[in-house]
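The values are calculated or read from the model by the stated rules, or taken from the named source; none is laboratory data. Given the structure is predicted, the values throughout are model-derived calculations rather than measurements. Here the Cβ positions follow ideal geometry from the backbone for every residue, glycine too, while neighbour counts run over all protein chains shown. To get the accessible areas, we keep the full protein, side chains included, count just its heavy atoms, and leave off ligands, DNA and RNA. Shrake-Rupley method; radii C 1.70, N 1.55, O 1.52, S 1.80 Å.
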Amino acid sequence: MKKIIVTGGPCVGKTTTINLLKDKGIHIINEVPRDIIAAELEKQKKDLSYVPVLPWTKLEEFQHLIIKEQIRRESNIPNDAHTVILDRALGDIIGYCKVAGKSPPNELVSLIKKAGYSKVIFLDQLPDYQTDAERKEDPVLAKNIHDTILHAYKELGFDVFVVPPFDK
């Protein structure tokens, strides 16, 4: 089985690109951080006293939630899936931690090596950066995250294929 990561900084078109592949019948693992952020914000909406686990409130706890959920999703890949596309993966955590000035969780590098990722496709930044409910980074921070994630995957030894922006 091939496990192909599609990644890049915030709002580079990863999910849009991946949804096109999903429509072609390719097995997809959705972006875990975005799902966790949405779920945590929903919990807070239902209980105003709840303090959500978010990258801008509790980064270390948030990263551990990502690791746990990413591993869970990857362990549930159907046996008949020949190719799986991942909207972000464990290596992204290293980039986000470095940008925040935090050390990545100790077990992360070994988990990445065990994950069996085949390829990293890195989408370059789009000219019209936009934020949303889950992605609040300003353009300067988004560029820093973007560059740091790319560097993290290269440091991990992956052959990273960089895809420039293209018109629809």
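Counting only DSSP H runs of at least 4 residues, each contributing -39500 (n - 2.57), and dividing by the residue count of the chain, the helix-based mean residue ellipticity at 222 nm comes to -14000 deg cm²/dmol.
Computed over protein heavy atoms with a 1.4 Å probe, the carbon and sulfur contribution to the accessible area of the stretch 1-84 reaches 54%. Annotation: the stretch 62-120 has a Kirkwood hydrodynamic radius of 12.4 angstrom, from the mean reciprocal C-alpha pair distance. For the chain, complete DSSP H runs whose alpha carbons reach 18 Å or more along their own long axis and whose mean Kyte-Doolittle score is -1.0 or higher are 32-46, 59-75, 139-155.
Look at where the Cα atoms of the stretch 91-106 and of the stretch 1-46 average out, and the two centres are 19 Å apart.
Annotation: the chain has a Kirkwood hydrodynamic radius of 16.4 angstrom, from the mean reciprocal C-alpha pair distance. Which of 115, 86, 7 sits closest to the plus end of the dipole of the chain, meaning its Cα is farthest towards the positive end, when Lys and Arg get +1 and Asp and Glu get -1 on the C-beta? Farthest towards the positive end: 115. Residue pairs exceeding 26 angstrom between C-alpha atoms, taken from 45/113; 24/45; 98/119; 22/102: 45/113; 24/45; 22/102.
For the stretch 1-88, the ratio of Cα radius of gyration to the globular rule of thumb 2.2 N^0.38 Å stands at 1.21.
Below 8 Å, C-alpha to C-alpha, sequence gap of six or more: please give me the relative contact order for the chain in percent. Dividing the mean separation by the residue count of the chain yields 38 percent. In the full protein context, the stretch 31-168 carries 57 Å² of accessible surface per residue, based on a 1.4 Å probe and ignoring ligands, DNA and RNA.
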